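Structure record follows, encoded as structure tokens.
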Amino acid sequence: MSDTDVTPTDTTDAEAPNGQVEDDERQDEPDENADTFPRAYVEKLRNESKGYRERAKTAEANLDATLRELFAVKVAATGKLADGEDLPYDADLLADEDKLTEAIDELIKRKPHLAARKVSGSVGQGVTGTKDEPFSLLGRLQRSV
């Protein structure tokens, strides 16, 4: 038998018909297990953690987009490719300038049409007449044919 005897006449706890203490009474009693927290507090912590996880995902996505933009700018700054986005993103190349240059050179060897081109010679633009001669549309058309 236990050390404390409970007599049937002791009705300090509101008992349900099956002999268990009602839920309202349980909430007022101190918890036997000291490791539990109230539900509202746990939900608050979970919502706070959810917010932090969402912020971390957003920051990670922003960082990835920024690194991709930086990579394209660094590739374009070399002047070897016509478009800085022709070389696929690689985080390892972003940190090492020599590897980046090698990767660009290899890409140009495989696909020479991606190389930057420099315009030289007469491309049909700019002033072609002399200052002494007045402008003549008919003369200009005749020269272009």
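Every number here is computed from the coordinates shown, using simple stated rules; none is lab data. Because the structure is a prediction, the values reported are computed rather than measured. We place every Cβ from the backbone using ideal geometry, glycine too, and count neighbours over all the protein chains shown.
Quick check: pseudo-label points 7 Å beyond the Cα along Cα→Cβ at residue 117 and residue 36, how many nm apart are they?
7.7 nm
Note down the magnitude of the dipole of region 39-116 about its Cα centre, charges +1 on Lys and Arg C-beta and -1 on Asp and Glu C-beta and zero elsewhere, to the nearest 20 debye. Present the calculation step by step, with values, prior to reporting the outcome.
On the way: 14 positive and 17 negative charges, 130 e Å.
With Lys and Arg at +1 and Asp and Glu at -1, about 620 debye.
What does the highest-first list of 120-126, 100-106 look like by mean Cβ count within 10 Å?
100-106, 120-126
How many lysine pairs in region 39-116, separated by 8 or more positions in sequence or lying on different chains, have Cα atoms less than 22 Å apart?
9
How would you rank 72-78, 42-48, highest first, on the average number of other Cβ atoms within 10 Å across their residues?
72-78, 42-48
For the pair residue 137/residue 106, report the inter-label distance in nm, with labels modelled 7 Å from Cα in the Cβ direction.
5.7 nm
I need the trypsin sites (Lys or Arg not before Pro) found in region 84-145, filtered to DSSP loop residues with at most 11 other beta carbons within 10 Å of theirs. Don't skip to the answer; put the middle values down first.
Details: sites: 99, 109, 110, 117, 118, 131, 140, 143; in loops: 117, 118, 131.
Hits after loop and neighbour filter: 117, 118, 131.
What distance in nm separates the simple spin-label points at residue 69 and residue 55, each placed 7 Å from Cα in the Cβ direction?
2.2 nm
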